[in-house]
Amino acid sequence: FKGGERYARDLAAALELPRDELCTELGLYDCVGEVHRIALGGVEPYEQAVFEPLPEPGVSSPIAVDRIALSACGERVEREFQDGSLELLAELMQGEPDAAARAAVAQRLYRRLLRRDGEPREIEAVVGLWDDLPQPDARTWAQLSCFAIATTLENLFY
């Protein structure tokens, strides 16, 4: 695992969000630096007397990563829908997006989050998430598509 701080920096850069706005618990505590620091491989020598990182990821590590990614993706989607001038999700702003519009957004998410083009099967899988939603809507699909790509093993380890 690349570690909590590096993951947060990469995610913030890819989604063009300030690092301190990726995820906060109760609107007060930074998810990466405070709440989930130990679970994400960090140390806290002063308040918790944890001087070395855990030898292996803990049981709550995947939950912490999911929490951060879902929050960050949700924040980016909300900003996109509030300010229609942003470009990441542009194709989703004109009503119900068709498969081609969703594919364009999925490709852009791959380029941002993984810094590469998505393979055709990967894009197809992300586009297909629309059909798996109980009540498909552009915001939910965009957040979950971002989340799915942001939490791939490729993104967590490289």
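Derivation of every value follows stated rules applied to the coordinates shown; laboratory data play no part. Everything numeric here is computed off the predicted structure, so don't read it as measured data. Here the Cβ is made from the backbone with ideal geometry for all residues, glycine too, and neighbour counts use every protein chain on show.
In whole Å, how far is the Cα centre of segment 27-96 from that of segment 112-158? So the separation of the two Cα centres works out to 16 Å.
When you filter the chymotrypsin sites (Phe, Trp or Tyr not before Pro) in segment 24-93 for DSSP loop state and at most 12 other Cβ atoms inside 10 Å of their Cβ, you are left with Y46, F51. Think of it as helices only: each DSSP H run of n ≥ 4 in the chain is worth -39500 (n - 2.57), and spread over all residues that comes to -16000 deg cm²/dmol at 222 nm.
Rounding to the nearest 20 debye, state how big the charge dipole of segment 103-158 is about its Cα centre with +1 on each Lys and Arg Cβ and -1 on each Asp and Glu Cβ.
Numbers: 7 positive and 8 negative charges, 70 e Å.
Dipole about the Cα centre, nearest 20: 340 debye.
Ranking G74, P53, L89 by Cα position along the charge dipole of the chain, where only Lys, Arg, Asp and Glu carry charges on their C-beta atoms, puts P53 farthest toward the positive end.
Here is the list for segment 69-158: GluC sites (Glu not before Pro) lying in DSSP coil, each with at most 12 other C-beta atoms within 10 angstrom of its C-beta, are E87.
Calculate the dipole size of the chain relative to its Cα centre from +1 charges on Lys and Arg beta carbons and -1 charges on Asp and Glu beta carbons; express the result in debye to the nearest 20. Walk me through the numbers before you get to the answer.
On the way: 16 positive and 29 negative charges, 77 e Å.
In debye, rounded to 20, the chain gives about 380.
Could you tell me which label, among [x] 1.01; [y] 1.06; [z] 1.24, carries the value of Rg/Rh (Cα atoms, Kirkwood Rh) calculated for this structure? Only one option fits the structure, namely [x].
Quote to one decimal, in nm, the extra length available between A90 and F157 on full extension: 0.36 nm per residue of separation minus the C-alpha distance between them.
On the way: separation 67, 0.36 × 67 = 24.12 nm, distance 2.93 nm.
Length gained between A90 and F157: 21.2 nm.
For the chain, modelled as a GNM with alpha-carbon contacts under 10 angstrom, which of S71, S61, S85 fluctuates the most? Looking only at S71, S61, S85, the biggest GNM fluctuation is shown by S85.
In this simple spin-label model, placing a label point 7 Å from the Cα along the Cα-to-Cβ direction at both R116 and L133 gives a separation of 2.8 nm.
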